[in-house]
1. Assuming A:Thr415 fulfils every condition listed in (1) in the same structural domain as A:Val514 (by TED's automatic domain parsing); (2) in contact (Cβ under 8 Å) with a residue 12 or more places away in the chain; (3) of a type in the set (Ser, Thr, Tyr) apart from one, which condition is it?
2. Filter segment B:1-32 down to the residues that are surrounded by fewer than 18 Cβ atoms within 10 Å (Cβ to Cβ), closer than 25 Å to B:Gly124 by Cβ and within 14 Å of another protein chain (Cβ to nearest Cβ) and list them by number.
3. Name, by its number, the condition in (1) among the small types (Gly, Ala, Ser); (2) in contact with a Gly (Cβ under 6 Å, 6 or more places away or on another chain); (3) within 9 Å of another protein chain (Cβ to nearest Cβ) that does not hold for B:Ser35.
4. Out of A:Phe179, A:Phe173, report the one residue that is under 16 Å from A:Thr197 (Cα atoms) and at pLDDT 90 or above.
5. Which count do you get for residues in segment B:100-126 that are acidic (Asp, Glu) and away from chain A (no Cβ under 11 Å)?
6. So which of B:Glu42, B:Glu68, B:Glu92 ends up being surrounded by fewer than 23 Cβ atoms within 10 Å (Cβ to Cβ), among the acidic types (Asp, Glu) and within 9 Å of chain A (Cβ to nearest Cβ)?
7. Could you go through segment A:495-502 and let me know if any residue there is at pLDDT 80 or above, closer than 30 Å to A:Asn342 by Cβ and part of a loop (DSSP other than H, G, I, E, B).
8. What do you reckon, is A:Ser358 among the hydroxyl-bearing types (Ser, Thr, Tyr) and either without any contact (Cβ under 8 Å) to a residue 60 or more places away in the chain or away from chain B (no Cβ under 12 Å) (or both)?
Amino acid sequence: MEQEPHIVQNGSAAAGAPDMAAQRKATYARLFRRFVWLTILCSLVPLLLVGWGINLHYTRFARERMLNFFETQVEYHRKIIEMFLNEHSSKLQLIAQTHTRDEIIEPKALQTAFEVFNKDLWSLTDLGVIGEHGYHLAYAGPYDLWSRNYAKEFWFAQVMQKGLYISDMFMGFRKEPHFIIAVTQSNGDQKWILRATINTEAFRSLVENVRIGKTGQAYLLNAEGVFQTSPRLGGAIMEKSTYPVESYHEGIQIRSLEGLKGADGKERPRQIACQAWLKNPRWLLVVKQDYGEAFGDVNYANAWTLVFLHVSALSILIVSVLITRHMITIVKRRDTEADRLNDQLMQAGKLASIGELSAGVAHEINNPLAIILTERQLLLDAARQLPMSGPEFKAQFDDSLSQVDIQIQRCKRITQNLLRFSRRTESLIETVDLNAFLREVVDLMDREARSSGIKFFTELDPALPPLLSDPSQMQQVFLNLITNAIDAHAGKPYGSVRLTTRADDERRQAKVHVADTGSGISPAHLNRIFDPFFTTKGVGKGTGLGLSIVYSIVKRLGGTISVQSEPGTGTEFTIALPYTPPKELRESLAEGHART
Amino acid sequence: MPGSRVLLVDDEVVFTRNMSKLLTYRGYKAIAVNSGDAAIRELEQADFDVIVLDLKMPGMDGITTLKEIMKLGLFTETLILTGHGSIDTALEAMKLGAYDYLTKPCEIDELVAKIEAAWEKKEGQG
């Protein structure tokens, strides 16, 4: 929307403006930084807190779930192993207790017992009855062990002493890893041993088949840390493990292992291990997995949380910068608008003060002018009635009086302009056909324009409705503008003045553009062209009131005026006049109409 | 019309003196006074056809003087003369009963024309 006086400069800024602009620029930069930091702080802190809280909660939950899973695995397999061993121990004890030595050494009886043992699951490799001297009394199984004497074997003494003994894995006479469960029974003076060799493959499958991810495994260690089953990764049965075996403890223990070396001598990554001791034999059941895999979900979630936070932070940063930039643009626009309004206010105030001053000056000049005029008239009257001293004196007298009259008229014009500027002139509102009106003005000025080599061009909007305005004041406006446009071509052999009208029904106003191809107005002068007494014309050629009066009249008629100028190219004034005059003007003129 | 009695009221002594002479040369009976009070006193003592009254005067200003004149109920017409060019004040004066107004500086012929018109109006009313 056009405001008044709206001055568009195509040149440099006004003096003093660079300091102001630099100051403003620094303020905007400071404002920008503060806004961005504040926005980021207000957005990121809650995001980070929420993200951190959720992540912490999830990590704890996932960790507990994983550890529970490990504990469940260990507990489950321990029970299975213990159940297996207890069941076999109990069966052996039952057979020993329900048979005499003579009964059990019957080949058929031992074979039957062996077959009953392996009825559902091939869990025994062989079953034998061994006498006090260490030789087999009976044997059911695939090996030829009749000639073997076990009296000096480590397990023989143990079982004879304890009555029930479950051995660690050992190679024995058969030269392959196996372990035995043996019970003793006495019939009178005769003490004998019922010994079962557990099917190693069947037993190992109870433990080794545990599959937990890619790195998870389960195995049994004896108290010395020797593998009782083969680990799935690294190591073999009956080899010494690198696993740090500690003393017996009840229940299940979770351990974090770092710096352990595998069978290949390479350092293993951090591992999580869950262990539990079997009561008999004292074997340690270990279930372990690489930490990275065990908590892969947590790490994955953490990584994604980190990515999410980074993306969110980046988005917030971008959005905050964009929003702040947009806000600063709005602030800049508002500041520019405020500056413009301030300028208008200052201009209006300046013009009002000058208007008052002008009215006073006009009055004070008019009175002596009136006296001079009467003195001149008296001289003229006297000259008519009294004799002149000679023709030369008469000629000089007439010439001087004529010059006095010219200068009085000149002063009168100045004072009238001053009064017109200060609005102390009469207005009359009539219906005006603006297009026809402008054509008349052009006709009026055409002769003067042609003599200066200037052509008029008109582009008048036929849809323009008639205005209610003051034609005499409008004439003053356009005559002043066109006169200035013609004068602007001084020094140019030819040029043009273009008058354009446009109807703006939306705002209910008519727009008139008066554009010339003259010398233009320098940016330094552009701010001052509406100031009274400001002129770039030579002494005696301009009073400097023309554009002030134009501005004053346009404003009084409820319109606006703006100017654009390019030095060396030309100047364009744009005047917007309302279809109907403002209410205050109509009211102030009501009395004038009544008189008319 | 020549012979008419004209009262000139203006605080500018030289102006009223000169204008008085010019009107006298043209056959009018012009009397000059330089304040509103003096004008009222003069009007109480003598009849005038037309009064030429300045608006801006020290002491009793033109509008007050006009109101006092109207109170006297004289058979006369008043012309307002102002160097200020204030339309609002001039209109106010006309609302109070003044016949017309002129702005300073004005030619003697212009003033004479207005005086004639005022006189004709007065005579027409009579």
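1. (1)
2. Within segment B:1-32, B:Arg26, B:Gly27 qualify.
3. With (1) among the small types (Gly, Ala, Ser); (2) in contact with a Gly (Cβ under 6 Å, 6 or more places away or on another chain); (3) within 9 Å of another protein chain (Cβ to nearest Cβ) applied to B:Ser35, the lone miss is (3).
4. Details: A:Phe173 fails: at pLDDT 90 or above.
Residue meeting the stated conditions: A:Phe179.
5. Taking segment B:100-126 as the starting set, the residues that turn out to be acidic (Asp, Glu) are B:100, B:107, B:109-110, B:116, B:120, B:123.
Okay, now just the ones that are also away from chain A (no Cβ under 11 Å), so B:116, B:120, B:123.
So the count comes out to 3.
6. Numbers: B:Glu42 fails: within 9 Å of chain A (Cβ to nearest Cβ); B:Glu68 fails: within 9 Å of chain A (Cβ to nearest Cβ).
Residue meeting the stated conditions: B:Glu92.
7. Our first condition is that a residue be at pLDDT 80 or above; within segment A:495-502, this holds for A:495-502.
If we keep only those that are closer than 30 Å to A:Asn342 by Cβ as well, we get A:502.
Still in the list and also part of a loop (DSSP other than H, G, I, E, B): none.
Taking every residue of segment A:495-502 in turn, none turns out to be at pLDDT 80 or above, closer than 30 Å to A:Asn342 by Cβ and part of a loop (DSSP other than H, G, I, E, B).
8. no
The values are calculated or read from the model by the stated rules, or taken from the named source; none is laboratory data. For clarity, every value in this text was computed on a predicted model and none was experimentally measured. Neighbour counts run over all protein chains shown; Cβ positions are idealised from the backbone, glycine included.
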